[in-house]
Amino acid sequence: MIALPWVFSPHQRAHAGGEELNRGFIVPCHECPERADFITAALRDQGFKDPIAPTDHGEELFRRCHDDGLITFLKSAYADWQASGRQGSALPFTFVAPSGMTRSELTPNSSIFARLGAYCFDVGTPIVAGTWEAAYWSAQTALTGADLVATGERLAFALCRPPGHHAGRAYYGGYCFLNNAALAAEQLRLAGHQKVAIVDVDYHHGNGTQDIFWHDGSVLYASIHAEPMTDFPFFSGHASEQGEGEGTGATLNIPLARGADWLIYQQALKNVLAAVQQHGSTALVVSLGVDTWYGDPISGFALQSADFGTMGGMLASLGLPTLVVMEGGYAVAEVGKNVALFLKGLQRFGD
Ligand code: Q9C
Ligand code: ZN
């Protein structure tokens, strides 16, 4: 069985949002630090070694995937919120209308509400005192995982939390602040992989990852997710979105209707595997969301726990050096088991 080192830092627990607005209801945040605790416990239970602490690469590499404006905003957002006399979580309540001013017209003196609404695209992603610390280390965890794969590990797991695939070059949302999987793909490219594939199996479309590589043919973005007519992020993820310019054909979206079970999912995954082979990638990043599990509180697919093992095995059959980056999964107590099953499937069939 192939070794599978994994990376995590307790700093990533520092982000604990209070409440989010979801489909008209104010509810406790689904994306909580305990998710990481359950994953850690399940990996220990399954005999994985202790996690490796991420190496601090600094923030310069973040600029490969994100605009300076977003990074600067995220770093000071909570302090600015407090300086404007507020407590609790920083959430936007108003957004830029299509004809409105652009982000670049905002200044550090603009209202904190203008800046929240300019950089955030939903009302489910609160910023608290520890948000930057956690997002920063979640990104370092992804970069360190990429280093492991770049220096000879066949498989590695980056326990990223907060997740990343909804964060674009100049926006955050969907519980995501920095795009961990995109940063990992860039790090693999810096290490000499000219073509990298990102396979996104989270329930939700990774609009941020898609946007970051939209014009870039050397990174394939392939995603299986809930049909945007019914599910977040609603404005992207249609099969017709295939990239533009040099990136034409290097974006593959396979939306599935709510209720999709393993039989349906497996066929979509076969099509994704064929696309990865055709792209000629020499390294693979998996955006792993286990919110496709039937019991997930905010999702609508019907995968069983055992299906995650089969899914891992199918991805291993590509025979590529593979970094798994954690994304979603909100049935908090079950998330760890499903992640461990996926990783064991990846190891078992990887030889
Ligand atoms: N039900 C990830 O899985 N809120 N993000 C739901 C509609 C956003 C999920 C609103 C869900 C984001 C990484
Ligand atoms: Zn998700």
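Given 20 °C and 1.002 mPa s, how large is the Stokes-Einstein diffusion coefficient of the stretch 93-200 in µm²/s, with Rh as the Kirkwood radius over Cα pairs? Kindly include the intermediate steps, with their values, before the conclusion.
Details: Rh = 15.4 Å.
The calculation lands on 140 µm²/s.
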Please build a GNM for the chain, connecting alpha carbons under 10 Å apart, and tell me which residue among MET101, MET326, MET229 fluctuates the most. MET101
From the Cα gyration tensor of the stretch 214-323, with a ≥ b ≥ c the square roots of its eigenvalues, which class applies: rounded if a/c is under 1.5, or else prolate if a/b is larger than b/c, or else oblate? oblate
So what are the ³J(HN,Hα) numbers for the stretch 205-211, from phi and the Karplus equation (6.51, -1.76, 1.60; θ = phi - 60°), rounded to whole Hz, Gly and Pro as x? 5, x, 4, x, 5, 4, 5
When only alpha-carbon atoms count, how far does the stretch 276-351 stretch along each of its three principal axes, as whole angstroms with the largest first? 37, 22, 18
Just in the stretch 81-184: which chymotrypsin sites (Phe, Trp or Tyr not before Pro) are loop by DSSP and have at most 12 other Cβ atoms within 10 Å? PHE93
Honestly the chain on the Cα gyration tensor test (a ≥ b ≥ c root eigenvalues; a/c under 1.5 rounded, otherwise a/b vs b/c for prolate or oblate) is just rounded
What's the tally of Lys pairs in the chain whose alpha-carbon atoms lie under 21 angstrom apart, where the two lysines are 8 or more places apart or on different chains? 4
The stretch 104-161, convex hull of Cα, quarter of hull surface, nm² -> 5.8
Please turn the phi angles of the stretch 14-30 into ³J(HN,Hα) values with the Karplus equation 6.51 cos²θ - 1.76 cosθ + 1.60 (θ = phi - 60°), one per residue in order, whole Hz, x for glycine and proline. 5, 8, 9, x, x, 10, 10, 9, 10, 6, x, 10, 8, 10, x, 4, 6
Largest fluctuation, ASN109, ASN271, ASN22 only, Gaussian network model of the chain with Cα springs under 10 angstrom, belongs to ASN109
Is the shape of the stretch 115-258 rounded, prolate or oblate, going by the alpha carbon gyration tensor and its root eigenvalues a ≥ b ≥ c, with a/c under 1.5 for rounded and a/b larger than b/c for prolate? oblate
How many angstrom lie between the C-alpha centres of the stretch 132-153 and the stretch 48-88? 14
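Bear in mind these aren't lab numbers, they're just calculated from the coordinates by the rules spelled out. Being a predicted model, the structure only gives us computed values, none of them experimental. Neighbour counts run over all protein chains shown; Cβ positions are idealised from the backbone, glycine included.
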